[in-house]
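Values quoted throughout were computed directly from the atomic coordinates according to the rules given, and no laboratory measurement underlies them. Worth saying up front: this structure is predicted, and the values here are computed from it rather than measured. Methodologically, a virtual Cβ is constructed for each residue, glycine included, from the backbone with ideal geometry; neighbour enumeration extends over all protein chains shown.
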Amino acid sequence: MKLSVVATTIFTLTLGFYTPKVTAAPIKTPKTFKEWCQQKASLPQETKRTVEALLNVAETRNCSQANQTLTKLTSLELGENQISDIKPLSNLTNLTSLYLVGNQISDIKPLSNLTKLTLLDLTKNPLIVKQCPLKPESICKF
């Protein structure tokens, strides 16, 4: 009898010290504008603002239609939109001209894969580092 009480006590104490680790599944970074759009409700406010600006350009609230329209664009004007998060622009790889004048952009690294750009206008933005993420660097206007 004493042995079973001791065994139960040891088991209970051991169980009390064991706490399984529970981790949340990592959030996947969207790969297309359609995915950014579909996840809009769960995005930070600064990212939502960019998605909204792009939906306005596409003139639709339908994520699939907006994606089709935006990915075909070669020129995009998003000046004076209070945009700070430009990650949703990173998949618009057909762009040759991108005007982001007068926003709140501080980091332009997300634009580094827009390799078709021949003009990137970032004047009047609070950039932390004024270094063009693309070659030739002369395409960037600060």
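Assorted remarks:
- Residue check, Lys124 surrounded by 13 or more Cβ atoms within 10 Å (Cβ to Cβ) and among the charged types (D, E, K, R): yes
- Within the stretch 70-88, considering residues that are among the charged types (D, E, K, R) and surrounded by 13 or more Cβ atoms within 10 Å (Cβ to Cβ), the one nearest to Leu117 (Cα to Cα): Glu77
- Filtered by the rule that a residue be exposed (fewer than 14 other Cβ atoms within 10 Å of the Cβ) and assigned to a helix (DSSP H, G or I), the stretch 26-67 gives Ala41, Ser42, Gln45, Asn56, Ser64.
- As a summary of the residue check, Val101 satisfies the conditions (1) on the phi > 0 side of the Ramachandran plot; (2) in contact with an Asp or Glu (Cβ under 8 Å, 6 or more places away or on another chain) except for the one numbered (1).
- The residue list Asn81, Asn67, Asn56 contains one member that is under 16 Å from the mean Cα position of the chain (by Cα) and either in contact (Cβ under 8 Å) with a residue 24 or more places away in the chain or over 25 Å from Ser138 (Cα atoms) (or both), which is Asn67.
- Pairs are defined by a Cβ separation below 6 Å, a sequence spacing of at least 6 or placement on different chains, a first member in the stretch 32-48 that is of a type in the set (D, E, K, R), and a second member that is surrounded by 15 or more Cβ atoms within 10 Å (Cβ to Cβ) and part of a loop (DSSP other than H, G, I, E, B); the pairs so defined are Glu46/Ser84; Glu46/Asp85.
- Residue list for the stretch 98-113, filter: among the aliphatic types (A, V, I, L, M) and more than 22 Å from Lys31 (Cα to Cα): Val101
- Enumeration of residues in the stretch 81-136 that are small (Gly, Ala, Ser) and out of contact with any helix residue (DSSP H, G or I) (no Cβ under 6 Å at 6 or more places or on another chain): Ser97, Gly102, Ser106, Ser112
- Only residues that are in contact with a Gly (Cβ under 8 Å, 6 or more places away or on another chain) and of a type outside the set (Val, Ile, Thr) were counted in the stretch 98-117, giving 4.
- Within the stretch 99-122, residues that are closer than 18 Å to Ile83 by Cα reach partners that are in a loop (DSSP other than H, G, I, E, B) and among the basic types (Lys, Arg) with beta carbons closer than 8 Å, at six or more positions or on different chains, in the pairs Val101/Lys124; Gly102/Lys124; Asn103/Lys124.
- Note on the stretch 93-131: residues that are aliphatic (A, V, I, L, M) and not in a loop (DSSP other than H, G, I, E, B) amount to 4.
- When residues of the stretch 68-87 are limited to those that are charged (D, E, K, R) and part of a helix (DSSP H, G or I), the one nearest to Lys31 (Cα to Cα): Lys87
- Residue that is surrounded by the fewest Cβ atoms within 10 Å (Cβ to Cβ), among those in the stretch 132-142 that are part of a loop (DSSP other than H, G, I, E, B) and not charged (D, E, K, R): Pro136
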